[in-house]
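First up is the structure itself, then whatever we jot down about it.
The numbers here are math on the coordinates, done by the rules we state, and not lab data. Since we're looking at a predicted model, the values are computed, not measured. Positions of Cβ are backbone-derived with ideal geometry, glycine not excepted, and every protein chain shown enters the neighbour counts.
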Amino acid sequence: MGFDVLIMASKVYTGTSVISDGYIYIKSGRVVDFGESPVPEDYTYATLVLGGEGRIAAPGLAAYIDAPAYPIRGLRPGLADRVRFYRQLDEESLAAVSLPAVYEAHMAGVTTLVVESPSPSIAADLASRVGGYYLAAVPSCIEASEAQVRVGGEGCPVEGASLVVEDGRVKAGGRVVLGAYSALNYAAAWSRLPRIHEASLQLRRALGIPGGVIEKEARAEIVVYDARTPPGMLADLYDLSLDDVYRLGLRVESLIAGEEVLVDAGEHLRITMKHFNEVRRLATHSILSQR
């Protein structure tokens, strides 16, 4: 997406303030300007115009997800069980079975994914296939000299790990951060967190990931929700908390991560039914072998 984007919204939640009838102008993957309407004339000639009346724009979230374990998530496996599953498939297959998890996360407003995986190359593969921001979190019971982030938990050493999976929660420095561990629905799992945005920021801080707020010169990580239809009709008329906006389960109309438009008109632009059919084929064998 080597062009400029203008986002219009009835409400813009920057992470520090709320702007009514606002706009966000993005160029080369960076936020150049934002504010209240009217939009400066120069911005109205943007290559791509998104949003409009009845939309809510907010910062994209960062979340930890055990994406390669998607086929067996219904079994709610612990970290050691997931590692055993990872060892059954090659890296290409693990990247393939991660796609539904990435799809769910993107459709829940996540722009940065910390992906639990046995190899950093899986996160790199997902970035090239799908777009967006990825960081690999390698379980501490797997040898990996290249890993930037280590995760510990049941069956894997916790000492020295950057992240810890404990009782279905992901923690960094003893504080709960945003995660989708063993969740059957990522968005629903967040309802247990009192402060979703802060938990996302905690994950970013713990791992040195930039972003999390809409500000000038920041890389563009923005989710645009449609508040014209259920379940959040008319939500744009109120000054809600940002956490309440995330919890509403609003339909994601657009999702931008840097120079990539990942979701447009409510449809993912990179992940298709072809990918899901491949995942189903791999998952059928994987689930049977776990029983």
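I'd like the FRET efficiency for Ala144 and Glu166, computed as 1/(1 + (r/R0)^6) with the beta carbon distance as r and R0 of 30 Å, rounded to 0.05.
Given R0 = 30 Å and the Cβ-Cβ separation, E is 0.90.
Which value in nm describes the separation of the simple spin-label points at Ser128 and Leu282, placed 7 Å from the Cα toward the beta carbon?
1.5 nm
Could you give the nm distance between label points at Ala265 and Ser20, where each point is 7 Å from its Cα heading toward the beta carbon?
3.2 nm
Using θ = phi - 60° and the Karplus form 6.51 cos²θ - 1.76 cosθ + 1.60, what ³J(HN,Hα) does each residue of the stretch 44-57 get, whole Hz, x for Gly and Pro?
Result, rounded to whole Hz: 5, 9, 4, 4, 10, 10, 10, x, x, 5, x, 10, 10, 9.
May I ask you to derive the FRET efficiency for Glu92 and Lys274 from their Cβ-Cβ distance with R0 = 22 Å, giving the value to the nearest 0.05?
Numbers: r = 15 Å, r/R0 = 0.70.
Working from the Cβ atoms, E equals 0.90.
Grab the other residues whose beta carbon is less than 15 angstrom from that of Glu253, score K and R as +1, D and E as -1, and report the net.
-1
Can you pull the one-decimal nm distance between simple spin-label points at Asp42 and Met233, each 7 Å off the Cα toward Cβ?
Each label point is offset 7 Å from its Cα along the Cβ direction, giving 4.1 nm.
Apply the Karplus curve 6.51 cos²θ - 1.76 cosθ + 1.60, θ = phi - 60°, to the phi angles in the stretch 213-229 and return the couplings in whole Hz, x for Gly and Pro.
With the stated coefficients, the stretch 213-229 comes to 9, 9, 8, 4, 6, 6, 5, 6, 10, 9, 10, 10, 9, 9, 9, 9, 10 Hz.
Under the definition of Cα pairs under 8 Å and six or more residues apart, what whole-number percent is the relative contact order of the chain?
Once normalised by length, the contact order is 23 percent.
What's the angle, to the nearest 10 degrees (0 to 90), between helix 91-106's Cα axis and the longest principal axis of the chain?
40 degrees
What residues qualify as long-range amide H neighbours of Tyr134, i.e. H under 5 Å apart, gap of 5 or more or another chain, H built at 1.01 Å from N?
Answer set, sorted by chain and number: Leu113.
Under 15 Å from the Cβ of Leu237, count the other residues' Cβ atoms, weight Lys and Arg +1, Asp and Glu -1, and hand me the total.
In short, -3.
Given the options Leu50, Leu163, Leu135, state which has the largest fluctuation in a GNM of the chain using a 10 Å cut-off (strictly under) for Cα springs.
Leu50
Expected output is a single nm value to one decimal: the length gained when fully extending between Arg30 and Glu159, i.e. 0.36 nm times separation in residues minus the C-alpha distance. What is it?
Stretched fully, the Arg30-Glu159 segment lengthens by 42.7 nm.
If you take every residue apart from Ala124 with its C-beta less than 13 Å away from the C-beta of Ala124, what net charge results, scoring Lys and Arg +1 and Asp and Glu -1?
Neighbourhood net charge equals -3.
Using each residue's phi in the stretch 148-163, evaluate 6.51 cos²θ - 1.76 cosθ + 1.60 at θ = phi - 60° and report the 3J(HN,Hα) Karplus result to the nearest Hz, with x for Gly and Pro.
Computed from phi, the couplings for the stretch 148-163 are 7, 10, 10, 10, x, x, 3, x, 10, x, 8, 4, x, 7, 6, 10 Hz.
Where does each of 215-226, 136-147 land if you order them by average Cβ count within 10 Å, highest first? Working shown, then result.
Numbers: 215-226: 21.1, 136-147: 18.1.
The most tightly packed comes first, giving 215-226, 136-147.
In terms of modelled amide H atoms, which long-range or inter-chain residues lie less than 5 Å from the amide H of Gly52?
Met8, Ala9, Ser10
Counting only residues 5 or more places away or on other chains, whose amide H sits under 5 Å from the amide H of Gly211 once H atoms are built in the peptide plane?
Under 5 Å from the amide H of Gly211: no residue qualifies.
Report the residue, chosen from Gly51, Gly74, Gly22, that carries the largest GNM mean-square fluctuation when the chain is represented by alpha-carbon nodes joined by springs under 10 Å.
For the chain, modelled as a Gaussian network with Cα springs under 10 Å, the answer is Gly74.
Taking the chain as the reference, fit the longest principal axis to its C-alpha atoms, fit the long axis of helix 273-290 to the helix C-alpha atoms, and give the angle between the two in degrees, 0 to 90, nearest 10.
That helix lies at roughly 30 degrees to the long axis.
Can you grab the distance from the C-alpha centre of the stretch 2-33 to the C-alpha centre of the stretch 76-105, Å, no decimals?
After rounding, the separation between the Cα centres reads 35 Å.
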